[in-house]
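The values are calculated or read from the model by the stated rules, or taken from the named source; none is laboratory data. Just so it is clear, the model here is predicted, and its values are computed rather than measured. With ideal geometry, Cβ positions are generated from the backbone for all residues, glycine too; neighbour counts draw on all protein chains shown. What goes into the accessible areas is simple: the full protein's heavy atoms, side chains included, and nothing from ligands, DNA or RNA. Shrake-Rupley method; radii C 1.70, N 1.55, O 1.52, S 1.80 Å.
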Amino acid sequence: MRGHFITFEGPDGAGKTTIINEILKQIPAAKKKNILVTREPGGSKISETIRQIILDPANKEMDDRTEALLYAAQRGQHINETVRPALMAGKNVFSDRYIDSSLAYQGVGRNLGIEAVQLINDFATNNLVADLTLFFDLKPEIGLARIKKLRPDQEDRLEQEKLAFHQKVYEGYQELLSRDKKRIKVVDASQSIPDVVAQSVKIIKSKFPEIF
Ligand code: TYD
């Protein structure tokens with residue numbers, strides 16, 4: 001049987017990576033072997049190389065369409081090389097970001113349009129849709145403040161964008177939520193880490209109890 005594809009989304013600084021690691025701790029070792037944890041941009045050799053180009057603060061002149069295409073390109077490689085084969089082999093895949101990030105950041109944040117960005121991503125991934133998406137809901141100003149505190153002077157090119165950009169991204173996510181309430185579930189990411197983990201585990205368990 002094909003595995004389940006679960007994606008984790010949210011504004012910068014929402015704590016996705018920490019929470020994913022904490023969720024994994026709650027999964028028995030024997031079942032954890034059946035989970036592939038991956039991330040975007042990245043998740044395969046070529047995609048990690050593209051990630052460096054996209055996030056390098058030196059690449060100030062990057063065109064918005066180039067940015068969207070590079071995200072789609074790294075995603076195509078990641079999905080077709082790493083994720084789909086794992087799902088086909090029956091593994092469950094947890095991905096730190098997926099297409100919704102492009103729809104919110106490039107589609108809405110960069111004004112390229114949700115539909116146009118969806119189209120290039122459907123092409124890149126050959127139409128792979130997540131089975132469940134957890135959206136870590138956190139106001140962008142709080143997320144950015146967390147990043148500044150945790151790793152000052154180490155912001156990537158996207159994190160360096162002004163608050164207005166991140167506010168648009170947040171609105172983009174709200175639009176995606178309203179369009180697909182069945183797939184995208186909201187987690188209140190302003191709470192403590194144990195609380196956010198508990199909310200996340202509950203949502204995943206209710207849809208795919210066999211993962212735990
Ligand atoms: P991420 O790796 O989640 O950031 P970090 O490692 O700092 O937690 O994502 C890097 C940045 O890329 C983040 O600002 C969101 C952005 N991004 C997009 O704009 N579009 C996309 O399709 C993806 C996957 C990420």
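Return yes when Phe135 is touching a residue at least 12 places away in the same chain (Cβ under 8 Å), aromatic (Phe, Trp, Tyr) and surrounded by fewer than 20 Cβ atoms within 10 Å (Cβ to Cβ) and no when it is not.
When the stated conditions are applied, Phe135 does not pass them.
Can you say whether Leu158 is modelled with pLDDT under 95, under 17 Å from the mean Cα position of the chain (by Cα), open to solvent by less than 50 Å² (accessible area, probe 1.4 Å) and more than 19 Å from Phe94 (Cβ to Cβ), as far as the supplied structure shows?
Yes, satisfied.
Take the conditions away from the ligand (no atom under 11 Å from the Cβ) and either under 30 Å from Ala30 (Cβ atoms) or surrounded by fewer than 18 Cβ atoms within 10 Å (Cβ to Cβ) (or both) and apply them to Asp122. Does it pass?
yes
When you go through Ala124, Ala104, Ala72, Ala29 one by one, which is the residue that is in contact (Cβ under 8 Å) with a residue 40 or more places away in the chain, within 30 Å of Pro209 (Cα to Cα) and among the aliphatic types (A, V, I, L, M)?
Ala104
Please give the helices (runs of 4 or more DSSP H) falling wholly within the range 1-119 in which 3 or more residues are away from the ligand (no atom under 12 Å from the Cβ).
16-25, 29-32, 45-55, 64-77, 84-88
Considering only residues that are charged (D, E, K, R) and either surrounded by 18 or more Cβ atoms within 10 Å (Cβ to Cβ) or within 16 Å of the chain's Cα centre (by Cα) (or both), which ones fall in the range 44-77?
Scanning the range 44-77 gives Glu48, Arg51, Glu67, Arg75.
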